[in-house]
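What follows is a short report on a single structure.
The values are calculated or read from the model by the stated rules, or taken from the named source; none is laboratory data. Please read these numbers as outputs of a predicted model, since none were measured by experiment. Glycine also receives a Cβ, built like all others from the backbone with ideal geometry; neighbour counts cover every protein chain displayed.
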Amino acid sequence: MTWQHPVETTLAMPINSLSMEILKDFRDSNGWNRDSWFKESQQWGTAKGAEVSKALAEGWAWLEVRGRVAWNPEQSSPNAYFVTRLGQQALEQGVSRMEAAARLGMQLHPRVFRARGTSVSAGRV
């Protein structure tokens, strides 16, 4: 699978949404090599042109900095990556929930997160 989003859509996506789409695409294509994913997306997908390539590079950097992807030590290539447990969690739960916890400076246990949301909406916090 390669990047198939229209150029206009890609360039208009907020960085967190763009990054999660990249992560989903990388996972769904059984990606293992960052550079291969980029090159395939350029050759057979819609990642054509400097603007789109740079936007995808920004999205990938966002994933790395936030620990959603990491270098795969089982491979010899420095471009070998895998989707981390945190990346899997983001794909399952959604990035908004994880960003809310990050703003609080921690990862909240799901029960605490739900209770806190209830407390806030009820005016108890």
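Working only within region 51-65, note down all residues that are over 20 Å from Phe82 (Cβ atoms) and surrounded by fewer than 18 Cβ atoms within 10 Å (Cβ to Cβ). Hits for region 51-65 are Glu51, Ser53, Lys54, Glu58.
Note on region 32-50: among residues that are among the small types (Gly, Ala, Ser), farther than 24 Å from Gly67 by Cβ and touching a residue at least 40 places away in the same chain (Cβ under 8 Å), the one that is surrounded by the most Cβ atoms within 10 Å (Cβ to Cβ) is Gly45. For region 73-99, a tally of residues being buried (at least 16 other Cβ atoms within 10 Å of the Cβ), more than 12 Å from Arg27 (Cα to Cα) and at pLDDT 95 or above returns 1. Number of residues in region 14-31 that are surrounded by fewer than 17 Cβ atoms within 10 Å (Cβ to Cβ) and not in a helix (DSSP H, G or I) equals 3.
Inside region 47-84, residues that are more than 17 Å from Leu23 (Cβ to Cβ) and assigned to a loop (DSSP other than H, G, I, E, B) make up a count of 8.
Criterion first (more than 13 Å from the chain's Cα centre (by Cα) and closer than 20 Å to Ser96 by Cβ) does Thr46 satisfy it? It is false that Thr46 is more than 13 Å from the chain's Cα centre (by Cα) and closer than 20 Å to Ser96 by Cβ.
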